[in-house]
Number of protein chains: 2
Amino acid sequence: MKKTVHFQPDNVKIEVDKGENLLTAAAKAGIYINAYCGGDGVCGKCKVKIEEGEVIAEKANLRSADHEAGFRLACKSEIVSDLVVSIPEIKGADGKPLSRKPKTTRAISARSLESLTGDWKVDPPVEKRFLKLDPPTMDDNVPDLHRLLRAIKKGCYECAEPTFDHPQLLQELPFTLRESNWEVTVILLRGKRAEEPDRIIAVEPGNTTDRLYGLALDIGTTTVCGVLIDLNNGKVLADASAYNEQISYGEDVISRIIYSQRPGGLKTLQERVVRTINQVIETVCKTMIISPSDISYIMTAGNTIMSHLLLALDPKYLRESPYVPTCNQFPLTRAAALGVLAHPSVRLYLYPSVASYVGGDITAGVHACRMHQSPEVTLFIDIGTNGEIVIGNEDWMVCAACSAGPAFEGGGIKHGMRASGGAIENFHIHHETLEPMIVTIEQGKPRGICGSGLISIVSELLEAKVIDQQGKFDRKLDHARLRASEDGYEYVLVWGKDAMVGEDIVITEVDLDNLTRAKGAMYAGYQTLLESVGMTFADLDRVILAGNFGAYIDLERAICIGLLPDIDRDKFYYLGNGSMLGCQISLTDNNRFRERTAVSSLMTNMELSENSEFMSHYMAALFLPHTDMSLFPTVAEKLAE
Amino acid sequence: MKKTVHFQPDNVKIEVDKGENLLTAAAKAGIYINAYCGGDGVCGKCKVKIEEGEVIAEKANLRSADHEAGFRLACKSEIVSDLVVSIPEIKGADGKPLSRKPKTTRAISARSLESLTGDWKVDPPVEKRFLKLDPPTMDDNVPDLHRLLRAIKKGCYECAEPTFDHPQLLQELPFTLRESNWEVTVILLRGKRAEEPDRIIAVEPGNTTDRLYGLALDIGTTTVCGVLIDLNNGKVLADASAYNEQISYGEDVISRIIYSQRPGGLKTLQERVVRTINQVIETVCKTMIISPSDISYIMTAGNTIMSHLLLALDPKYLRESPYVPTCNQFPLTRAAALGVLAHPSVRLYLYPSVASYVGGDITAGVHACRMHQSPEVTLFIDIGTNGEIVIGNEDWMVCAACSAGPAFEGGGIKHGMRASGGAIENFHIHHETLEPMIVTIEQGKPRGICGSGLISIVSELLEAKVIDQQGKFDRKLDHARLRASEDGYEYVLVWGKDAMVGEDIVITEVDLDNLTRAKGAMYAGYQTLLESVGMTFADLDRVILAGNFGAYIDLERAICIGLLPDIDRDKFYYLGNGSMLGCQISLTDNNRFRERTAVSSLMTNMELSENSEFMSHYMAALFLPHTDMSLFPTVAEKLAE
């Protein structure tokens, strides 16, 4: 249920979910509140007055008098009704209240649009059918298999005869049939193409048609996520995720490839990801009290390296120029043959890749949002260490990977961290006091800075002119939080006493440089791909942000630093985990399932790593937001104020 | 080279191969020569005079005077030129020479007709292709698999893309390509149907197109035979055979089924036949100095029980009414998965069965002789413990198995044995002296009686009226060789002193009874099948005898005892090992290969075991040759003399 919070004196309203934290809501609304401790309730700075409505608040670090006067700590307040909240004045060094400069960086999220994915039918690639067979007689003593096939084909004379290829099933067939008194349920895997025969993947005694399960698996470099789906109605029954156990052998794909070249390395990595998958399978199965062997179908997507490692394909040449994968369309694989907990007949499908660094996860995302079926020219962006970009529509698609570096995942940033509890995810700076407002994930004590926090910090510092467009701190400013360091200048976000880590959490000029390179690579990628098809940003009808990052990104700020193009905000959408979404759709709808290879074939990959246009665009983008400010008109206007 | 032998005083000519033994030639020509010892040279009775021409002879047990006078022991004489040979007179008890009654039982073999099998092309279901690939560049960095497929499809835009399904091959592909400097040979397995894609089953470095091998395997209950074929030219390179190691667990299929029901029995039998196959493979590979993994294709045929056991399908229900196999069309199987010494990609194909007791060996035989493509109404017979019969032509085929019992393989016969060295294979009796002429395989000392010997003995005893049409000895005859025994009466074929076994070799009334049942079952089978399609023997255009037995059978004698129908001898042909022949043809010619399932589908099986028409025909056939002598006009005439 949505609640409206009306902040005074700024006169800003924001709609949030009931139960949302008041400090987080203020940060989203672009309302600055003094808050050093990330929302942990320790600093006691974020007190606000509830003028109307109700919050559920812990008293925490607040004087009784304040409490009685209607003050609450924003960070400890849960919004349960519509509110009017006023923010206390902040007094300057001269004792006069400081003006509250209206913020321009109010958080704007890209919209989630259900129609992006379209409807999909519950018509899965596997099917259960209950059959009552006539027992054999001397006049009708055809083989057991023939009897079964005859019953499956009954009434369909044009149907191709299903095939039945698993030796173990055939070995068990005579006994399954007789022990079940000739009443069995067959699981049919439908032919790859409409005219191809179905394949019998299991024969179960009795009528088990009410139980038909599929598993969607997103195999990420960091996390493996699984969703168990009831294929009789398309409903999600359970989900689970686990850190990819390969992480012990390298944080990113490049270090995994390096590890795979050690003796036994490939085998180890293969086993580790399978172990992770099995953990996920066991968790979802426990939730539903079913056995892993009850899952009839597994649809997975991962980047090209993850796909290679899962299939024990050596990724060696993915890393060496000219970056050649073993294959993009992965062969039919039996899950059990890989070590995955599954019935021996069950297939594991992998979304096809496009190139060494545009993998099945991207294909799945593009497939999920139906770029390949829409006339609208779309820019599809998945931001990460390897930012993947796709531009196109139903007629053509070009794609590329930009080696953005790990900044958006906290890598190469002094206090960078993944988006988990205690990560600074939102930041405001008071334009006069230069004091920060720190909001962390789960409102814990600050531990570091995650990707969305980093974007907040840089755009706020830029707008407040604490840094210049080259990402250098204004050395003329005299402020306790600004100081020289071994990494050039730095700004202290959180003092050590308020931090979980016991040391000051800072952002340095090296960090700023790394972020600039990362966003520059992404932006140069958009430009290079657009140019390759003779287009400009003006030709884009839509920008789709994939990955969870996309849902949390503050559009204005991302545009402000030059990570996203400065175009109509209404053109931005977020898809969420497109890789998982693609798997779920393919798992549930056979027609969509059959499209998946065509989708990857439609995508033409461009190699950017040795592309001279890309290099010059990249150099030009190493500025905040860009050396060519005509590309960022709204940012130019804001910075000119 | 053929040589003519002219026997006097009978004035009978016979054409034989140069090098043939003179005693054997005489026996084939129906010329009686005194000979007790089977051809071992011991009895010294078979002396003949060489009137014209030359033989290479051992002097052996012959007086010098006889030798100088031009006499030779027939059993020790090798025919090297055209001959005129005279047989010495035999004197009766009264000292007068006995007349030489002209024989009617001159051995008539069914003809071998090359056109039965038709031509087959050297166009095998596997193909090797040498490819020079362009090494990848930044402008052309498609995956290795894609590059390979592109090269295979080059110049053929309508070809379906080959599939590539073996994980190990894919895992090795990047290294195979680079280590061979992008010059490789692919082995393609052609699609099941013309429109189906080919399948890449191996990628070898360099150009190996000159080496392409296939293996034809006949998996018999007793013997496993293998033939290695050069698929580049269709030539047979090597062959080998080995006793099926399953024999330790039962001589015939029924005892194998019984053994398979013991704990671990099925597994043991499966392993034993695979071990036998591997022996055969090793032998043919050693001969050609190739490795088993160089074989690209394996085509096998066996009866339904052998096929089930090879695939570890439980044969339990094959033995229980209503005799239901697990399947007739056997699934695609990787040879290595069964334990067969082979490259992991190599498929092992099994000829489809028709029913529990009409197996892939029969399908292969019918396929080899193209019954299914001929307008001529053909009776196809494979005589054995389970005699299989097929009647039909290009429009229809019916088939059945008759449980004839093991008499033709020496089973249930007091001195019965398989057709190997020392087995009596030909027999004549002197119509007045009632003394035998014994010819053994390899002319060794007699050890027992094989199937063709048994047919000779019974027909000779019948024609000489030593037995009557009920198979009972004429008790009025007074002869040293005729005597009562625990099995009724018996005739002494070989006295113990002349035999290898150290006891008299006899034929008993129980033996005669068993043979009568065996041939009666076969004949009743022909009749029942013919009746089922409203035909009689007069409607038959051809009779094809399959199995090695067919080549050795003496038509006149087989007809005389009622094993074969009394029709125009020119209609009889022998095919040889049809099972092996079918495998060789399918292995070499892809078009023939693709027909094999259709052949089995055209055959309609009749169950005779509980069929009342069959039972009454069978009862009527328990007579020599038959109770209805109008069915055997030439035999009736002969017996009336």
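The values are calculated or read from the model by the stated rules, or taken from the named source; none is laboratory data. Please read all numbers here as calculations on a predicted model, not as lab measurements. So basically every Cβ, Gly included, is an ideal-geometry build from the backbone, and we count neighbours across all protein chains shown.
Got a sec? Which of B:L581, B:L587 is assigned to a helix (DSSP H, G or I) and within 13 Å of B:G365 (Cα to Cα)?
B:L581
Mind telling me which of the residues A:G19, A:G41 ends up being assigned by TED's automatic domain parsing to the domain that holds A:V84, of a type in the set (G, A, S), under 21 Å from A:G444 (Cβ atoms) and more than 29 Å from the chain's Cα centre (by Cα)?
Result: A:G41 is the single residue among A:G19, A:G41 that is assigned by TED's automatic domain parsing to the domain that holds A:V84, of a type in the set (G, A, S), under 21 Å from A:G444 (Cβ atoms) and more than 29 Å from the chain's Cα centre (by Cα).
If you go through the stretch B:434-467 one residue at a time, how many are surrounded by fewer than 16 Cβ atoms within 10 Å (Cβ to Cβ) and over 17 Å from B:K28 (Cβ atoms)?
Result for the stretch B:434-467: 1.
When residues of the stretch B:560-576 are filtered for being surrounded by fewer than 24 Cβ atoms within 10 Å (Cβ to Cβ) and not in a strand (DSSP E or B), how many remain?
Selection size over the stretch B:560-576: 6.
Determine whether the stretch A:606-624 contains at least one residue that is in contact with a Pro (Cβ under 6 Å, 6 or more places away or on another chain) and either over 30 Å from A:E509 (Cβ atoms) or at pLDDT 95 or above (or both).
Taking every residue of the stretch A:606-624 in turn, none turns out to be in contact with a Pro (Cβ under 6 Å, 6 or more places away or on another chain) and either over 30 Å from A:E509 (Cβ atoms) or at pLDDT 95 or above (or both).
Within the stretch B:364-394, how many residues turn out to be among the acidic types (D, E) and within 28 Å of B:L515 (Cβ to Cβ)?
2
Consider A:Y349 carefully, then state whether it is outside any loop (DSSP other than H, G, I, E, B) and not assigned by TED's automatic domain parsing to the domain that holds A:R592.
Against the criterion (outside any loop (DSSP other than H, G, I, E, B) and not assigned by TED's automatic domain parsing to the domain that holds A:R592), A:Y349 qualifies.
Picking from A:I362, A:I305, which residue would you name as being away from every other protein chain (no Cβ under 12 Å), over 21 Å from B:Q168 (Cβ atoms) and among the hydrophobic types (A, V, I, L, M, F, W, C)? Spell out how you get there, then give the answer.
On the way: A:I305 fails: over 21 Å from B:Q168 (Cβ atoms).
Selected residue: A:I362, the only one of A:I362, A:I305 that is away from every other protein chain (no Cβ under 12 Å), over 21 Å from B:Q168 (Cβ atoms) and among the hydrophobic types (A, V, I, L, M, F, W, C).
Test A:V122 against the criterion of being of a type in the set (A, V, I, L, M, F, W, C) and buried (at least 19 other Cβ atoms within 10 Å of the Cβ), and give yes or no.
Criteria not met by A:V122.
Looking at the stretch B:230-249 only, could you name the residues that are touching a helix residue (DSSP H, G or I) at 6+ places or on another chain (Cβ under 6 Å) and in a strand (DSSP E or B)?
Within the stretch B:230-249, B:L237, B:A238, B:A240, B:A242 qualify.
Output the residues belonging to the stretch B:102-135 that are modelled with pLDDT under 85 and not in a loop (DSSP other than H, G, I, E, B).
Within the stretch B:102-135, B:R111, B:S112, B:E114, B:S115, B:L116 qualify.
Tell me the residue from B:L434, B:L462 that is assigned to a helix (DSSP H, G or I), in contact (Cβ under 8 Å) with a residue 24 or more places away in the chain and among the aliphatic types (A, V, I, L, M), please.
The match here is B:L462.
Are any residues in the stretch A:505-516 touching a Leu at 6+ places or on another chain (Cβ under 9 Å) and surrounded by fewer than 19 Cβ atoms within 10 Å (Cβ to Cβ), and if so, which ones?
The one that is touching a Leu at 6+ places or on another chain (Cβ under 9 Å) and surrounded by fewer than 19 Cβ atoms within 10 Å (Cβ to Cβ): A:D513.
Give the residue, chosen from B:L608, B:L555, that is under 23 Å from B:D395 (Cβ atoms) and either surrounded by fewer than 19 Cβ atoms within 10 Å (Cβ to Cβ) or in contact (Cβ under 8 Å) with a residue 40 or more places away in the chain (or both).
None of the others qualify; the one that does is B:L608.
Just to be sure, is A:A355 in contact with a strand residue (DSSP E or B) (Cβ under 8 Å, 6 or more places away or on another chain) and more than 12 Å from chain B (Cβ to nearest Cβ)?
So A:A355 fails the test.
Out of (1) within 14 Å of chain A (Cβ to nearest Cβ); (2) more than 20 Å from B:A404 (Cβ to Cβ), the odd one out for B:V346 is which?
All conditions are met except number (1).
Modelled with pLDDT of 75 or more, away from every other protein chain (no Cβ under 14 Å), surrounded by fewer than 18 Cβ atoms within 10 Å (Cβ to Cβ) and closer than 30 Å to A:V5 by Cα: is that true of A:P97 in this structure? If you could, list the steps in order and put the result at the bottom.
Details: modelled with pLDDT of 75 or more: yes; away from every other protein chain (no Cβ under 14 Å): yes; surrounded by fewer than 18 Cβ atoms within 10 Å (Cβ to Cβ): yes; closer than 30 Å to A:V5 by Cα: yes.
Yes, satisfied.
I'd like to verify a number: residues in the stretch A:156-193 that are within 14 Å of chain B (Cβ to nearest Cβ) and either small (G, A, S) or under 35 Å from the mean Cα position of the chain (by Cα) (or both), how many?
4
Restrict the check to the stretch B:271-293 and report whether at least one residue is within 14 Å of another protein chain (Cβ to nearest Cβ) and either surrounded by 17 or more Cβ atoms within 10 Å (Cβ to Cβ) or within 19 Å of A:L177 (Cβ to Cβ) (or both). First the steps, then the outcome.
Start the filter on the stretch B:271-293 by keeping residues that are within 14 Å of another protein chain (Cβ to nearest Cβ), which leaves B:274.
Among the residues that remain, those that are also either surrounded by 17 or more Cβ atoms within 10 Å (Cβ to Cβ) or within 19 Å of A:L177 (Cβ to Cβ) (or both) are: B:274.
Among the residues of the stretch B:271-293, at least one is within 14 Å of another protein chain (Cβ to nearest Cβ) and either surrounded by 17 or more Cβ atoms within 10 Å (Cβ to Cβ) or within 19 Å of A:L177 (Cβ to Cβ) (or both), which makes the answer yes.
Among the residues of the stretch B:311-318, are any within 7 Å of chain A (Cβ to nearest Cβ), modelled with pLDDT under 95 and within 30 Å of A:D140 (Cα to Cα)?
The answer is no; no qualifying residue exists.
Name the residue, out of A:S579, A:S600, A:S612, A:S586, that is farther than 22 Å from A:L332 by Cα and either of a type in the set (S, T, N, Q) or within 14 Å of chain B (Cβ to nearest Cβ) (or both). Outline the logic, then answer.
Details: A:S579 fails: farther than 22 Å from A:L332 by Cα; A:S600 fails: farther than 22 Å from A:L332 by Cα; A:S586 fails: farther than 22 Å from A:L332 by Cα.
Step by step, each of A:S579, A:S600, A:S612, A:S586 is checked, and only A:S612 is farther than 22 Å from A:L332 by Cα and either of a type in the set (S, T, N, Q) or within 14 Å of chain B (Cβ to nearest Cβ) (or both).
Restricting attention to the stretch A:180-197, does a residue exist that is modelled with pLDDT of 95 or more, surrounded by 17 or more Cβ atoms within 10 Å (Cβ to Cβ) and charged (D, E, K, R)?
no
Among the residues of the stretch A:166-179, how many are aliphatic (A, V, I, L, M) and either outside any helix (DSSP H, G or I) or surrounded by fewer than 15 Cβ atoms within 10 Å (Cβ to Cβ) (or both)?
0
Might you check whether a residue that is in a strand (DSSP E or B), surrounded by fewer than 24 Cβ atoms within 10 Å (Cβ to Cβ), more than 22 Å from the chain's Cα centre (by Cα) and within 13 Å of chain B (Cβ to nearest Cβ) occurs anywhere in the stretch A:319-333? Steps first, please.
So in the stretch A:319-333, the residues in a strand (DSSP E or B) come out as A:333.
Those left that are additionally surrounded by fewer than 24 Cβ atoms within 10 Å (Cβ to Cβ): A:333.
Still in the list and also more than 22 Å from the chain's Cα centre (by Cα): A:333.
Keeping just the survivors that are within 13 Å of chain B (Cβ to nearest Cβ) gives A:333.
Looking for residues that are in a strand (DSSP E or B), surrounded by fewer than 24 Cβ atoms within 10 Å (Cβ to Cβ), more than 22 Å from the chain's Cα centre (by Cα) and within 13 Å of chain B (Cβ to nearest Cβ), one finds at least one in the stretch A:319-333, hence yes.
Being at the interface with another protein chain (Cβ under 9 Å from one of its Cβ atoms) and of a type in the set (K, R) is the filter here; which residues of the stretch B:113-152 pass it?
B:R147
Do any strands (runs of 3 or more DSSP E) entirely within the stretch B:1-74 hold 3 or more residues that are in contact with a His (Cβ under 6 Å, 6 or more places away or on another chain), and if so, which?
Qualifying strands (runs of 3 or more DSSP E): none found.
Any chance the stretch B:281-290 includes a residue that's without any contact (Cβ under 8 Å) to a residue 40 or more places away in the chain and of a type in the set (A, V, I, L, M)?
yes
If B:P162 satisfies all but one of (1) surrounded by 15 or more Cβ atoms within 10 Å (Cβ to Cβ); (2) within 30 Å of B:N577 (Cβ to Cβ); (3) touching a Lys or Arg at 6+ places or on another chain (Cβ under 8 Å), what's the number of the condition it fails?
Condition not satisfied by B:P162: (2).
Here's a check for you: in the stretch A:476-512, which residue that is modelled with pLDDT of 95 or more and of a type in the set (F, W, Y) is farthest from the chain's Cα centre (by Cα)?
A:Y489
Identify, from the list A:L622, A:L631, A:L540, A:L581, the residue that is surrounded by 23 or more Cβ atoms within 10 Å (Cβ to Cβ) and not assigned by TED's automatic domain parsing to the domain that holds A:G234.
Numbers: A:L622 fails: surrounded by 23 or more Cβ atoms within 10 Å (Cβ to Cβ); A:L631 fails: surrounded by 23 or more Cβ atoms within 10 Å (Cβ to Cβ); A:L540 fails: surrounded by 23 or more Cβ atoms within 10 Å (Cβ to Cβ).
Result: A:L581 is the single residue among A:L622, A:L631, A:L540, A:L581 that is surrounded by 23 or more Cβ atoms within 10 Å (Cβ to Cβ) and not assigned by TED's automatic domain parsing to the domain that holds A:G234.
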